[in-house]
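The values are calculated or read from the model by the stated rules, or taken from the named source; none is laboratory data. Remember, it's a predicted structure, so these values are computed and weren't measured experimentally. Because the Cβ atoms are built from the backbone with ideal geometry, glycine has one as well, and the counts that use them run over all protein chains shown. Heads up: the accessible areas ignore ligands, DNA and RNA and are worked out on the full protein's heavy atoms, side chains in. Shrake-Rupley method; radii C 1.70, N 1.55, O 1.52, S 1.80 Å.
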Amino acid sequence: MLEKAQNHLWQLLWKYDPNGLIAVDSDLIIKLVNPAFCQIFNLEEEKIIGKSATEILGNIEHFQEAWETNTVIRGRETSYSQYDLYIREFIFPIKEENIIGCIMTDITAEMERKKEADRIKAETVKKVNEVVDNQMKVAQEIAGLLGETTAETKVSLLKIIEMVNQ
């Protein structure tokens, strides 16, 4: 009875986990996906089970790397440009089941905010540089005018001194 309750709990977790979950075999054939995976990638489970993960996701050498090195890859950020998605992935091999599991968190909104912040920063730096350049130009013009008037004043004063001395 306890085992049945635990299996039911695991099924509920699989179904309601907001992260995309995918399991592929060592040949990168999709064996399982949860509803969140289908929602994130806008795919139907029936149409992708049994297909090559590279056909659906593109380059997933990092899945193969996790399998071959038998290591967990934590927090890898991957762009799936064909879906306009940025995903943070946790990839882990389960050798005894011949499965590579991956937990996928959609960070698209976070990355878009970061891009927008970077764009605003770049625009701000550009504006600051323009203001400084304009101020330098005005300062140079003022310095030039002061230099001219100082030279004119000196010439006039020298003429006055010369006239006084005569």
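Couple of notes before you dig in:
- Within the range 55-85, none of the chymotrypsin sites (Phe, Trp or Tyr not before Pro) combine a DSSP coil assignment with at most 10 other C-beta atoms in a 10 angstrom radius.
- Crossing angle, helix 108-165 versus the chain [Cα axis fit, 0-90 degrees, rounded to tens]: 10
- Note on Ser79 and Gln11: with the Förster distance fixed at 25 Å, the Cβ-Cβ geometry gives a FRET efficiency of about 0.20.
- Cα long-axis angle, helix 2-16 against the chain (0 to 90 degrees, to the nearest 10): 40
- Taking the centroid of alpha carbons for each part, the range 152-166 and the range 83-143 are 65 Å apart.
- Value of Rg to Rh for the range 1-112 (Rh from inverse mean 1/r over Cα pairs, i.e. Kirkwood): 0.97
- Of all accessible heavy-atom area on the chain, the percent that carbon and sulfur account for (1.4 Å): 57
- Taking amide H as placed 1.01 Å from N in the peptide plane, the amide H of Ile29 sits under 5 Å from that of Ala53, each at least 5 places away or on another chain.
- ³J(HN,Hα) computed for each position of the range 69-83 - Karplus, 6.51 cos²θ - 1.76 cosθ + 1.60, integer Hz, glycine/proline x: 9, 6, 10, 8, 9, 10, x, 5, 9, 10, 9, 10, 4, 5, 10
- Amide H contacts of Leu85: Tyr80, each under 5 Å away and 5 or more positions distant or on a separate chain (H built 1.01 Å from N in the peptide plane; Pro and chain starts excluded).
- Cross-link reach list, lysines versus Lys31, counting only Cα pairs under 28 Å and skipping chain neighbours closer than eight places: Lys4, Lys15, Lys47, Lys51, Lys95
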